[in-house]
Amino acid sequence: MKVYIRRITERDLCNLQAWSDAIGSQAYMEKVSPQSFNGSDLSGWGDDYVWFIITADGRDVGGVWVERRRWDSVEGTLGIMIGDPTLLGHGIGRRAIDLATREARFIMGIDHVRLTVRTSNLRAIKAYQSCGFTVTGTGTLRTADGTPIPFYRMEECR
């Protein structure tokens, strides 16, 4: 399967909700876009984040981003969503992560990438480990109704 990434455009934004719904992302993801993205304006691209559409065999299938949480940081935070459940487990995410982190290093000067993942998301944890990430910490977030959500912090092993 040929996997590419391309810079996201405003026309791509309409796919985010459909992809999120298709995979039930609310069960294992907090966000399906960079934290600093306001819902419509992509002006933060290149400074606050790099965000790409993942294309597999010529079809748009998801998004991947690396964002800077502090303007003066060289650390990036990774996010990814594959929006077709039949494509999970085919290496698309691993390839997209590799491509996106390379671009983040080049465009934003990022030299270290980390992420958080729910401890229950075993498929994602395995994929991140195969990309060279290791668990470096744990924590618990609470939803608005107080439900605890345990997570791992994972960082690149370089």
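Bear in mind that the values in this text are calculations on the coordinates, not laboratory data. The shown structure was predicted, so the numbers you read here are calculated from the model rather than taken from an experiment. Positions of Cβ are generated from backbone atoms using ideal geometry, with glycine treated the same way; all protein chains shown enter the neighbour counts.
List of remarks:
- Zone residues, segment 120-136, relative to LEU88, backbone N less than 14 Å from point 7 Å out along Cα-to-Cβ: 120-128
- Share antiparallel - DSSP beta bridges, the chain, percent rounded to 5: 90 percent
- Cα gyration tensor shape of segment 1-93, rounded if a/c is under 1.5, else prolate or oblate by comparing a/b with b/c: prolate
- Working from Cα pairs under 8 Å separated by at least six residues, relative contact order for the chain is 20 percent.
- Chymotrypsin sites (Phe, Trp or Tyr not before Pro) lying in DSSP loop within segment 61-141, provided at most 15 other Cβ fall within 10 Å: TRP71
- Over the chain: helical MRE at 222 nm, DSSP H runs n ≥ 4 each giving -39500 (n - 2.57), nearest 500: -7000 deg cm²/dmol
- Among the trypsin sites (Lys or Arg not before Pro) in segment 1-103, those located in a DSSP loop and surrounded by at most 11 other Cβ atoms within 10 Å of their own Cβ are LYS2, ARG70.
- Stokes-Einstein D for the chain, Kirkwood Rh over Cα pairs, 37 °C, 0.692 mPa s (µm²/s): 207 µm²/s
- Distance between modelled label sites at THR138 and ARG69, nm, 7 Å Cα→Cβ extension: 1.9 nm
- Sorting the segments 18-29, 77-88 by their residues' average number of neighbouring beta-carbon atoms within 10 angstrom, most packed first, yields 77-88, 18-29.
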